[in-house]
Amino acid sequence: MLIALIVAALVLLAPLVARPSLTIRRAGRVFAFVVIVIVPVGAGLAGLNEHMERSKTVAFCTSCHVMERYGRSLQVDDVDHVPAKHFQYNRVPRETACFACHTDYTLYGDYNAKLRGLRHVWVQYIGHIPSKIALYTPYNNRECLHCHDGARSFVESVTHRSEPGRMDAIHANRVSCLGSGCHQVVHTVDKLDGLAMWPKENK
């Protein structure tokens, strides 16, 4: 659709370039306004929407060199690795696995997250990429609960029911899903070279 809009804009612009005198009459001015303002704005909005959808994909997230190893960590052949397990068992959509678990991050979060996303673009192309990257804030249980809350495996888990009030603490983010000795193995990018990968032919 985006390509069609761009082609349409160029085709419609041609008569105005060839015969500027068309704008002398009112109908010509309306036509010029549509061609010069309305169609390009429509094409721009369509392009923005297409880019936003594409930027939710794993391919886009891992297109930056610093994120390549995070993409590889989705292939670790070990069910203790939380991102790999979710990716390999289709617990998240494979095409948008990064976005599924980091919905509050960069361009998809709040105002501050959007500013950080713009900073990432600046660092990628102009600034200095740090040797080690980390989340700005601790990972929020909300990102786990929007899929797992209410699931039988979550509700009936012996660990989640091991002490009174534990489920409430998990829901209130007082007990971290990732930092409480339960699901702490995430993107172990510094240890990938010694790990088996799935599927096996990717080794």
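The values are calculated or read from the model by the stated rules, or taken from the named source; none is laboratory data. From a predicted model like this one, the values you see are computed outputs, not experimental measurements. We place every Cβ from the backbone using ideal geometry, glycine too, and count neighbours over all the protein chains shown.
Any residue that is within 12 Å of the chain's Cα centre (by Cα) and modelled with pLDDT under 85 - is there at least one of those in segment 123-138?
no
Could you grab me the full set of residues in segment 132-181 that are among the hydrophobic types (A, V, I, L, M, F, W, C), surrounded by 15 or more Cβ atoms within 10 Å (Cβ to Cβ) and assigned to a loop (DSSP other than H, G, I, E, B)?
Within segment 132-181, VAL175, CYS177, LEU178 meet the criteria.
Taking the options PHE99, PHE33, name whichever one is assigned to a helix (DSSP H, G or I) and under 14 Å from the mean Cα position of the chain (by Cα).
PHE99
Could you look through segment 57-86, keep only residues that are farther than 29 Å from TRP122 by Cβ and not aliphatic (A, V, I, L, M), and pick out the one that is surrounded by the most Cβ atoms within 10 Å (Cβ to Cβ)?
HIS81
How many residues are surrounded by 15 or more Cβ atoms within 10 Å (Cβ to Cβ) and closer than 29 Å to GLY150 by Cβ when one looks only at segment 183-197? Spell out how you get there, then give the answer.
Let us first name the residues in segment 183-197 that are surrounded by 15 or more Cβ atoms within 10 Å (Cβ to Cβ), namely 183, 185-189, 192, 195, 197.
Those still in the list that are closer than 29 Å to GLY150 by Cβ too: 183, 185-187.
Matching residues across segment 183-197 total 4.
Residues being among the polar types (S, T, N, Q), assigned to a loop (DSSP other than H, G, I, E, B) and either modelled with pLDDT of 95 or more or under 12 Å from ALA196 (Cα atoms) (or both): count how many of those fall in segment 58-89. I'd like the intermediate steps shown before the answer.
Quick first cut of segment 58-89, residues among the polar types (S, T, N, Q) only: 62-63, 73, 75, 88.
Now restrict to residues that are assigned to a loop (DSSP other than H, G, I, E, B): 62-63.
Still in the running and either modelled with pLDDT of 95 or more or under 12 Å from ALA196 (Cα atoms) (or both): none.
Here the count works out to 0.
With the structure loaded, tell me whether VAL92 is touching a residue at least 12 places away in the same chain (Cβ under 8 Å), among the aliphatic types (A, V, I, L, M) and in a loop (DSSP other than H, G, I, E, B) or whether it fails that test.
Spelling it out, VAL92 is indeed touching a residue at least 12 places away in the same chain (Cβ under 8 Å), among the aliphatic types (A, V, I, L, M) and in a loop (DSSP other than H, G, I, E, B).
Out of the residues in segment 182-203 that are in contact (Cβ under 8 Å) with a residue 40 or more places away in the chain and outside any loop (DSSP other than H, G, I, E, B), which is nearest to the chain's Cα centre (by Cα)?
Filtering first and then ranking leaves VAL189.
Quick check on this structure: which one of ILE126, ILE170 is within 20 Å of SER63 (Cα to Cα) and either out of contact with any strand residue (DSSP E or B) (no Cβ under 6 Å at 6 or more places or on another chain) or outside the structural domain of CYS64 (by TED's automatic domain parsing) (or both)?
On the way: ILE170 fails: within 20 Å of SER63 (Cα to Cα).
Being within 20 Å of SER63 (Cα to Cα) and either out of contact with any strand residue (DSSP E or B) (no Cβ under 6 Å at 6 or more places or on another chain) or outside the structural domain of CYS64 (by TED's automatic domain parsing) (or both) holds for just one of ILE126, ILE170, which is ILE126.
Say whether the condition of being surrounded by 12 or more Cβ atoms within 10 Å (Cβ to Cβ), in contact with a helix residue (DSSP H, G or I) (Cβ under 6 Å, 6 or more places away or on another chain), under 30 Å from GLY117 (Cβ atoms) and touching a residue at least 12 places away in the same chain (Cβ under 8 Å) is met by at least one residue in segment 23-32.
No, that holds for no residue.
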